[in-house]
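Participant: I have a structure I would like to understand better, so I am pasting it below and will then ask my questions one at a time.
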Amino acid sequence: MKYVLIALIVAVVLAAWYFISTSNKFVVLQNKVEEAFATMDVYLAKRAELIPNLVATVKGYAKHETEALEKVIAARNSAHTTNEKIEAETQVTTAVRGLLALAEQYPDLKANTNFLNLQSQLGSIEEDVATARRYYNGVVRQYNTGIQTFPASIVANSKGLQKAALFEVADDSQRKAVKVEF
């Protein structure tokens, strides 16, 4: 009887230790997801600051295109949740690609020094955004796997943890390479 009681106490202590350590692991993963999104959001904000300059440069060439981009940016600025921001950024990316493609239709724009400089800066920021997205998606994958894997899923369910959203390409046109000619 004494050994059964000791075994029961050990089992309870091990179960408690597992629950606490798994809970702590999820706290760390949640913080990594938030940090990864915040990092990506910094680059997205940097891109958003650059876009008005690009729009101003292009405005004389294609007013209808810049108005569409300004509406998309306004939608991005009104996004509050992570999922809303991800959806808005997908729209911004599509709109920016369209704006950059305008250079092919307007030779004067293609030769404009301001436009070329802004296009170069935007290209650099887009690379930073892509890197941040990859990091964010890697952290989200790790978190989602953690909360779905048994027996950790028991702890995740007891804490009400939900899957985090991946930053995915929703628009098939984004999967196509943009043809840029100079």
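Participant: Evaluate E = 1/(1 + (r/R0)^6) for S78 and R141, where r is the Cβ-Cβ distance and R0 equals 30 Å; express this FRET efficiency to the nearest 0.05.
Facilitator: 0.55
Participant: Say the cut-off is 32 Å between C-alpha atoms; which of K46/K163; K85/K159; K25/K85 go over it?
Facilitator: Numbers: K46/K163 28 Å; K85/K159 25 Å; K25/K85 26 Å.
Violating the 32 Å Cα-Cα cut-off are zero pairs.
Participant: Okay, moving on. For A56, project a label point 7 Å along Cα to C-beta. Then give me every residue of segment 109-137 with its amide nitrogen under 17 Å of that point.
Facilitator: In segment 109-137, the label zone of A56 (backbone N under 17 Å from the point 7 Å along Cα→Cβ) covers 112-122.
Participant: Taking R0 as 41 Å, what's the FRET efficiency between S124 and A16 from their Cβ-Cβ distance, rounded to 0.05?
Facilitator: Plugging the Cβ-Cβ distance into 1/(1 + (r/R0)^6) gives 0.25.
Participant: In debye, nearest 20, what is the charge dipole magnitude of segment 2-175 about its Cα centre with +1 on Lys and Arg Cβ and -1 on Asp and Glu Cβ, if you could check?
Facilitator: Approximately 760 debye in magnitude.
Participant: Calculate, in nm to one decimal, what N24 and Q105 gain on full extension: separation in residues at 0.36 nm each, minus their alpha carbon distance.
Facilitator: Full-extension gain reported as 23.6 nm.
Values in this text are rule-based calculations from the coordinates and carry no lab data. Keep in mind that what you see is a predicted model, and the values were worked out from it rather than measured. Cβ: placed from backbone, ideal geometry, glycine included. Neighbour counts: every protein chain shown.
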